[in-house]
Amino acid sequence: MSSVRGKVAVVTGAGSGIGRQLAFELAKRGARLALSDVDELGLAETADRAKALGADVHSARLDVSDRAAVEAYAGEVAASFGVVHQIYNNAGISGGGGTILENDWAVYDRTLGVNLFGVLHGTKAFLPHLIASGDGHVVNVSSLNGYFAQPTLSAYCASKFAVRGFTETLRTEMIAGGHPVQVTVVHPGGVATNIASATVTEAREQGLELTPEQVARSRVYNEKLLKMPAEQAARIIVDGVEAGRPRVRVGNDANIVARLVRLLPARYPGLAAWYDRKLFGRAGS
């Protein structure tokens, strides 16, 4: 068991979605918080609301894909609180909606930079502090797509499969080294966040042209797939952390898909392609 009360918990991507709700859930349970995001307005709102819940809060703008910035941030947080116990490497992006043939390299560079290297940067920068605390915990957010591949999600799936492998390797090393750090990988299913809409917004802000299929795919995700309230997801994650669980699946969809992949490892890609066509029509063709 690993109570969060009194612990210093770092949450990346805290400006919205699961990260924001993790901040609130941790605040309610008595944690002290270090919150970061690239969205300064969203981050400020999260920080204010967490303070209103009684939490001691340190907040800073942070691009997790920037290694030097993450390393400097880790030192900042440790100096501010004197100790760091937990890190929730949550920041992530959806990585566009094109096929491998359609995607340019910028999609992979940006998606892997945030979703994978953001996790690596956060883990490596904070791990010495977690070990020094004597009661550390690394929580890395993967996805249902950390074990289930789908069409048009190659960058996202690559990043989330890699997060799972990295996190499970970290767990073996903490055990082998006798380090006082627990490790949890989180696999959310369809959680009601702005991740699909943010992809469209970000692309438009960068002047990129989106196909009608990509716009339609984002709409379908919002209307049909991203259903679990983010606050419920946060409760499940923190419950899992306090219970010391090495793997936390969030949502019935995440559990059902995990069983499907385990039972039908050779057939599930065909089923995924069929479901994609059924759900998205031309958007998945």
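Since every read-out is calculated from the coordinates, none of them should be taken as a lab result. If you're wondering where the values come from, they're calculated on a predicted model, not measured in any experiment. Cβ atoms come from the backbone with ideal geometry, glycine included; neighbour counts cover every protein chain shown.
When the trypsin sites (Lys or Arg not before Pro) in segment 1-56 are filtered for DSSP coil states and for at most 13 other beta-carbon atoms within 10 Å of their beta-carbon, the remaining sites are Arg5.
Within the chain, what is the number of lysine pairs with alpha carbons under 19 Å apart, leaving out pairs fewer than eight places apart on the same chain?
On the way: Lys7/Lys28; Lys7/Lys51; Lys28/Lys51; Lys124/Lys160; Lys224/Lys278; Lys227/Lys278.
Qualifying lysine pairs in the chain: 6.
Compared with the dominant Cα axis of the chain, that is its longest principal axis, helix 230-242 is turned about 50°.
Within the P(r) computed for segment 62-187, what percentage of the Cα pairs occupies the region above 21 Å?
Numbers: 3225 of 7875 pairs.
I get 41 percent for the Cα pairs in segment 62-187 exceeding 21 Å.
State the percent of C-alpha pairs, over all pairs in the chain, separated by a distance greater than 22 angstrom. Roughly 56 percent, rounded to a whole number. Round to the nearest 10 and give me the degree value, 0 to 90, for the angle of helix 67-81's Cα axis relative to the longest principal axis of the chain. Here the helix axis deviates by roughly 40 degrees. Taken over the C-alpha atoms, segment 1-144 has Rg and Dmax values of 15.1, 50 angstrom.
Between the Cα long axis of helix 40-52 and the first principal axis of the chain there is an angle of about 50°, rounded to the nearest 10. What the phi angles of segment 105-122 give under the Karplus curve with 6.51, -1.76 and 1.60, with θ = phi - 60°, is a coupling list of 5, 4, 4, 5, 4, 5, 5, 5, x, 7, 6, 9, 5, x, 5, 4, 4, x Hz, glycine and proline written as x.
What is the magnitude of the charge dipole of the chain about its Cα centre, with +1 placed on the Cβ of each Lys and Arg, -1 on the Cβ of each Asp and Glu, and no other charges, expressed in debye to the nearest 20?
Values: 30 positive and 27 negative charges, 230 e Å.
Using Cβ point charges on Lys, Arg, Asp and Glu, the chain gives about 1100 debye.
Against the empirical curve 2.2 N^0.38 Å, the C-alpha radius of gyration of segment 1-82 lands at a ratio of 1.01. Could you work out the helix-only [θ] at 222 nm for the chain, with each DSSP H run of four or more residues adding -39,500 (n - 2.57) and the total divided by the number of residues, to the nearest 500 deg cm²/dmol? It lands at -16500 deg cm²/dmol. Close amide-amide hydrogen proximity is noted between Val183 and Val138, each under 5 Å apart and 5 or more residues distant or on a separate chain (H modeled in the peptide plane; Pro and chain starts excluded). Name the residue from His137, Leu279, Thr12 whose Cα lies farthest towards the positive end of the charge dipole of the chain, charges +1 on Cβ of Lys and Arg and -1 on Cβ of Asp and Glu. Farthest towards the positive pole: Leu279.
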